[in-house]
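First comes the structure, then the notes that go with it.
The values are calculated or read from the model by the stated rules, or taken from the named source; none is laboratory data. From a predicted model like this one, the values you see are computed outputs, not experimental measurements. Backbone-built Cβ (ideal geometry, glycine too); neighbour counts: all protein chains shown. Quick note on the areas: whole protein, heavy atoms, side chains included, nothing else; ligands and nucleic acids left out. Shrake-Rupley method; radii C 1.70, N 1.55, O 1.52, S 1.80 Å.
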Amino acid sequence: MIGDTDMQNYVWQRHEDVFSMRMGLFIHWAGSGPSSNTGILLSDGKTAQDIDHFADSVDVDRVVNEIAELGFEYVILTDFHGLGTTLHPCFALEKWRGAGYTSKRDVVGEMIAKLKEKDIRVILFTHPLDGHDYPKDQQEKLGWNDSSDNYGRWNDFINDVYAELAERYGDDTIGIAF
């Protein structure tokens with residue numbers, strides 16, 4: 001069992017570089033759901049047909065090698081933004097929203113693992129207050145505009161997503177940004 005002092009030292013050692021790192025990269029994307037055009041332009045000039053098409057087009061090794069060659073110490077990697085889609089499977093999103101908002105391929109996990117091999121730290125970027133971008137039917141389903149229970153349904157939904165995110169990637173990232 002880890003004592004309080006040991007735990008404080010562990011947490012400090014794990015996160016102390018956040019305050020000393022100077023060169024980082026923000027990789028941002030915003031995908032779409034099943035009811036809207038992705039708007040994501042691939043490197044061949046074609047538009048991604050859906051979240052899986054986009055995920056399958058990412059060359060993780062190439063991206064990570066370029067990041068390392070450029071000397072970045074950390075990466076802020078978007079997990080979800082805009083329409084709330086993810087480049088990884090997410091049971092919580094599928095449970096609450098239905099199919100089509102997550103990719104089958106775990107691009108985020110692959111990126112984290114490959115960056116970790118190169119000793120590049122990862123912070124996940126999320127946007128828990130982007131329900132305004134969701135289609136009206138999703139806003140209704142998730143309680144985005146329902147203040148009757150202090151937005152209880154929305155909070156339950158977003159808490160489920162964060163719990164899964166922390167379980168899936170928490171040991172291999174140095175933080176979650178909002």
Hey, Ala177 under 24 Å from Ile40 (Cβ atoms), out of contact with any helix residue (DSSP H, G or I) (no Cβ under 9 Å at 6 or more places or on another chain), hydrophobic (A, V, I, L, M, F, W, C) and open to solvent by 10 Å² or more (accessible area, probe 1.4 Å) or not: yes
Residue list for segment 144-172, filter: open to solvent by less than 20 Å² (accessible area, probe 1.4 Å) and within 18 Å of His81 (Cα to Cα): Trp154, Phe157, Ile158, Val161, Leu165, Tyr169
Pro135: passes all of (1) without any contact (Cβ under 8 Å) to a residue 24 or more places away in the chain; (2) in contact with a Leu (Cβ under 9 Å, 6 or more places away or on another chain) but (1)
The residue that is modelled with the highest pLDDT, considering only those in segment 12-41 that are farther than 28 Å from Asp133 by Cα and open to solvent by 90 Å² or more (accessible area, probe 1.4 Å), is Arg22
Quickly run through segment 61-82 and pick out the residues that are of a type in the set (A, V, I, L, M) and either open to solvent by 40 Å² or more (accessible area, probe 1.4 Å) or part of a helix (DSSP H, G or I) (or both). Val63, Val64, Ile67, Ala68, Leu70, Ile76
Condition check for Ala55: more than 27 Å from Leu129 (Cα to Cα), without any contact (Cβ under 8 Å) to a residue 60 or more places away in the chain and surrounded by 14 or more Cβ atoms within 10 Å (Cβ to Cβ): no
Condition check: in contact with a Ser or Thr (Cβ under 9 Å, 6 or more places away or on another chain) and of a type in the set (Lys, Arg). Does Arg121 satisfy that? yes
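In the set Asp106, Asp130, Asp171, which member is touching a Pro at 6+ places or on another chain (Cβ under 7 Å) and under 26 Å from Gly24 (Cβ atoms)?
Selected residue: Asp106, the only one of Asp106, Asp130, Asp171 that is touching a Pro at 6+ places or on another chain (Cβ under 7 Å) and under 26 Å from Gly24 (Cβ atoms).
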Starting from segment 108-126, take each residue that is farther than 20 Å from Phe178 by Cβ and list its partners that are charged (D, E, K, R) and not in a helix (DSSP H, G or I), counting only C-beta distances under 7 angstrom and pairs at least six apart or across chains. Ile120/Glu73
Asp44, sole failed condition from (1) in a helix (DSSP H, G or I); (2) open to solvent by 70 Å² or more (accessible area, probe 1.4 Å); (3) modelled with pLDDT of 85 or more: (1)
Sort out which residues of segment 127-178 are part of a loop (DSSP other than H, G, I, E, B) and of a type in the set (A, V, I, L, M, F, W, C), and write them in order of number. Leu129, Trp144, Ile174, Phe178
